[in-house]
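The structure appears below as structure tokens.
The values are calculated or read from the model by the stated rules, or taken from the named source; none is laboratory data. Only a predicted model underlies this, so the values are computations on that prediction, with no experimental measurement involved. Here the Cβ positions follow ideal geometry from the backbone for every residue, glycine too, while neighbour counts run over all protein chains shown.
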Amino acid sequence: MKLYKTNAAQILAASAGQKGKKALEKVTKEEQAKLSSEETTEKMISAVLTGVNRALPFSKSDDVTERVAQGRWAGLYDRAIGEIGTLAVRTGSSPDPHTGAVALPITLSSTYAQLDPGQLTSEYIYSRKSNPNRSAFEAAVAALENAKFGLAFGSGSATVTTILQTLEPKSHVLAIADVYSGTRRYFVESARASGTVFEYVEDLVADLGKYVRPNTKLVWIESPSNPLLKITDISAVAKQAHQHGMIVVVDNTLASPYNISPLDHGADITMHSATKWLSGHADTVLGVLATNSPTLHARLSFLQNAIGAVPSPFDSYLAHRGLKTLHLRAERANASALAIALALEASPDVITVSYPGLPSHPQRKLVLKQHKHNGAGGGIIAFRIRGGYESARRFCLHSRLFTLAESFGGVQSLAEVPGPMTHVLMSTEERAAIGVADDLIRLSCGVEETEDLVDDVLRSVESAVSWIEPTVMWEGPVV
């Protein structure tokens with residue numbers, strides 16, 4: 001972390017002028033004071049010692065066969081104890097009891113042998129209901145979200161669908177005004193099929209009471225929202241919602257559990273498109289949710305099995321493997337996003353920058369209260385530059401390190417213009433009503449070097465507003 005901040009300072013001093021340098025110095029002094037080298041070193045030593053004690057529960061004289069027979073390996077890492085990095089790496093990653101394999105084998109079997117009719121060999125019966133790879137991924141996500149239960153699905157959309165299936169017909173649902181367009185799209189279709197009424201509220205904290213009806217059953221939050229990065233006070237909303245017997249769902253896809261744990265702030269369910277930060281490599285599609293409620297878990301688990309929208313063993317394996325490096329990837333993405341946001345804020349060619357980690361963010365106090373790591377802003381940035389949509393388009397085509405593509409949260413940095421891409425099914429008027437301008441650009445920071453990303457963004461902004469015709473790096477498939 002400290003290294004990335006130093007690199008960012010060097011970049012900004014050279015490319016963003018004194019304004020950017022002073023802004024970064026302010027962040028460093030006011031918000032990074034607790035990350036002193038002494039404190040960090042002490043924590044690292046403590047974590048190492050804790051890990052050693054946790055990883056050696058048996059003496060060297062124990063026989064391997066005896067350890068396996070006693071089951072002393074099988075549950076060793078079922079629920080690891082420690083910081084988020086330890087949880088990500090260890091939870092659901094017990095060595096194989098038969099071979100001692102450290103990497104969890106991929107179990108492709110669709111069905112499992114029984115010892116006698118109805119007498120199971122293990123907890124597994126049929127892979128639609130459960131699978132070792134899926135179970136391991138679910139356990140790991142639950143651990144990161146500080147939850148008792150985790151359930152994985154075939155996509156983030158399948159997760160949304162399953163949650164809404166718990167509602168009675170003609171229920172009433174409240175959601176943030178700028179809920180993600182894909183979620184809003186399903187809300188519209190769900191309303192047609194089930195009669196559920198969805199209302200979108202600009203300020204849930206201030207106005208929730210005005211919208212509550214006798215049949216209001218659920219509140220849907222994204223914080224930060226996608227793509228505008230607005231923050232909702234989850235604790236304040238949950239307190240009001242629970243007084244009316246409502247369930248609070250937080251889509252934590254954009255922030256990831258590295259930056260915020262919604263259940264700790266009163267949410268009943270937290271969900272993800274695990275395609276994004278959790279998997280982190282743009283090579284699998286799946287969704288996941290976590291909860292501490294046995295009642296909700298029982299209902300959602302039934303629907304998971306009954307509907308059958310579950311991920312394959314291989315997708316579960318990829319997601320679980322990717323999750324093990326979430327803390328490393330997210331830390332780099334956070335640092336790069338802050339450096340880029342500061343550089344953009346200092347550029348005369350930039351109209352607006354939205355990034356929760358900026359001192360200038362209008363909800364910065366709430367971010368400091370709600371986010372981990374001293375108010376980390378995450379790896380996503382939204383901004384607008386001079387020249388309207390054409391400049392936004394040219395920025396994306398000029399960039400060499402931010403691939404023009406939908407999605408976010410992978411190791412590769414991505415850029416998109418939401419208007420004609422993720423939000424294309426919304427009309428111009430609908431997008432304008434929630435604040436998604438046609439020239440809005442959304443960046444997702446990967447794990448490339450921070451200096452290179454900042455340099456690429458500033459160069460692309462300059463080229464875009466100067467109306468320099470870009471050389472398109474990707475021209476589509478060759479036919």
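Being of a type in the set (Asp, Glu) and within 16 Å of the chain's Cα centre (by Cα) is the filter here; which residues of region 310-349 pass it?
Glu331
Note on region 161-177: among residues that are in a helix (DSSP H, G or I) and of a type outside the set (Val, Ile, Thr), the one that is surrounded by the most Cβ atoms within 10 Å (Cβ to Cβ) is Leu164.
When the criteria are applied in full, Val212 meets the requirement of being in contact with a His (Cβ under 6 Å, 6 or more places away or on another chain) and in the same structural domain as Ala158 (by TED's automatic domain parsing). Examine region 178-196 for a residue that is in contact (Cβ under 8 Å) with a residue 12 or more places away in the chain, in a strand (DSSP E or B), crowded, with 18+ Cβ neighbours inside 10 Å and not charged (D, E, K, R), and state whether such a residue exists. For region 178-196, residues in contact (Cβ under 8 Å) with a residue 12 or more places away in the chain, in a strand (DSSP E or B), crowded, with 18+ Cβ neighbours inside 10 Å and not charged (D, E, K, R): absent.
Residue pairs whose Cβ atoms lie under 9 Å apart, separated by 6 or more positions or on different chains, with the first residue in region 90-118 and at positive phi and touching a residue at least 12 places away in the same chain (Cβ under 8 Å) and the second of a type outside the set (S, T, N, Q) and part of a loop (DSSP other than H, G, I, E, B), are Gly92/Tyr77; Gly92/Asp78; Gly92/Arg79; Gly92/Ala80; Gly92/Leu104; Gly100/Trp73. Tally time: how many residues in region 224-247 are of a type in the set (Gly, Ala, Ser) and farther than 22 Å from Leu296 by Cα? Total satisfying the criteria: 1. Residues of region 330-351 that are crowded, with 23+ Cβ neighbours inside 10 Å and closer than 21 Å to Thr284 by Cβ: Ala330, Ala333.
What do you reckon, is Val248 assigned to a helix (DSSP H, G or I) and either out of contact with any Asp or Glu (no Cβ under 9 Å at 6 or more places or on another chain) or of a type outside the set (Ser, Thr, Tyr) (or both)? Before the answer, list the steps.
Details: assigned to a helix (DSSP H, G or I): no; either out of contact with any Asp or Glu (no Cβ under 9 Å at 6 or more places or on another chain) or of a type outside the set (Ser, Thr, Tyr) (or both): yes.
Answer is no for this residue.
Among the candidates Leu338, Leu366, Leu326, Leu344, which residue alone is touching a strand residue (DSSP E or B) at 6+ places or on another chain (Cβ under 6 Å) and either in contact (Cβ under 8 Å) with a residue 60 or more places away in the chain or not small (Gly, Ala, Ser) (or both)? So that I can check it myself, show each step before the final result.
On the way: Leu338 fails: touching a strand residue (DSSP E or B) at 6+ places or on another chain (Cβ under 6 Å); Leu366 fails: touching a strand residue (DSSP E or B) at 6+ places or on another chain (Cβ under 6 Å); Leu326 fails: touching a strand residue (DSSP E or B) at 6+ places or on another chain (Cβ under 6 Å).
One residue alone meets the criteria, Leu344.
With the condition kept exactly as written, say whether any residue in region 372-379 is at pLDDT 95 or above and among the aliphatic types (A, V, I, L, M). Yes, there is a match, as at least one residue in region 372-379 is at pLDDT 95 or above and among the aliphatic types (A, V, I, L, M). Just one of the numbered conditions (1) modelled with pLDDT of 90 or more; (2) surrounded by fewer than 19 Cβ atoms within 10 Å (Cβ to Cβ) is not true of Val461: (2). Return yes or no: is Leu453 at pLDDT 95 or above and in contact with a Cys (Cβ under 7 Å, 6 or more places away or on another chain)? Yes, satisfied.
Report yes if some residue within region 334-342 is among the hydrophobic types (A, V, I, L, M, F, W, C) and under 21 Å from Ser181 (Cα atoms); otherwise report no. Scanning region 334-342, I find no residue that is among the hydrophobic types (A, V, I, L, M, F, W, C) and under 21 Å from Ser181 (Cα atoms), so the answer is no. With respect to the conditions (1) buried (at least 22 other Cβ atoms within 10 Å of the Cβ); (2) aromatic (Phe, Trp, Tyr); (3) not in a helix (DSSP H, G or I), Phe137 lacks only one, and its number is (3).
Residue-level analysis places Val447 outside the set of residues that are of a type in the set (Val, Ile, Thr), crowded, with 16+ Cβ neighbours inside 10 Å, in a helix (DSSP H, G or I) and at pLDDT 95 or above. Every test in (1) more than 24 Å from Ala376 (Cα to Cα); (2) over 14 Å from the mean Cα position of the chain (by Cα); (3) buried (at least 24 other Cβ atoms within 10 Å of the Cβ) is passed by His244 save one, and that test is (3).
Can you find a residue that is without any contact (Cβ under 8 Å) to a residue 12 or more places away in the chain and in the same structural domain as Ser316 (by TED's automatic domain parsing) anywhere in region 255-278? No, there is no match, as no residue in region 255-278 is without any contact (Cβ under 8 Å) to a residue 12 or more places away in the chain and in the same structural domain as Ser316 (by TED's automatic domain parsing). Scanning region 337-393 for residues that are touching a Ser or Thr at 6+ places or on another chain (Cβ under 6 Å) and more than 22 Å from Gly435 (Cα to Cα) yields one hit, Ala339. Within region 282-292, if we keep just the residues that are more than 20 Å from Asn226 (Cβ to Cβ) and in contact (Cβ under 8 Å) with a residue 60 or more places away in the chain, the residue that is surrounded by the fewest Cβ atoms within 10 Å (Cβ to Cβ) turns out to be Asn292. Considering only residues in region 214-237 that are among the polar types (S, T, N, Q) and either in contact with a strand residue (DSSP E or B) (Cβ under 7 Å, 6 or more places away or on another chain) or assigned to a loop (DSSP other than H, G, I, E, B) (or both), the one that is farthest from Gly378 (Cα to Cα) turns out to be Asn215. Using the structure shown, decide if Phe153 is touching a His at 6+ places or on another chain (Cβ under 6 Å), at pLDDT 95 or above and buried (at least 24 other Cβ atoms within 10 Å of the Cβ). For Phe153, the condition - touching a His at 6+ places or on another chain (Cβ under 6 Å), at pLDDT 95 or above and buried (at least 24 other Cβ atoms within 10 Å of the Cβ) - is not met.
Restricting attention to region 365-395 and to residues that are closer than 22 Å to Arg332 by Cα and either surrounded by fewer than 19 Cβ atoms within 10 Å (Cβ to Cβ) or of a type in the set (Val, Ile, Thr) (or both), the residue that is nearest to the chain's Cα centre (by Cα) turns out to be Ile380.
Apart from one condition, Pro420 fits all of (1) in a loop (DSSP other than H, G, I, E, B); (2) of a type outside the set (A, V, I, L, M, F, W, C); (3) at pLDDT 95 or above; the exception is (3).
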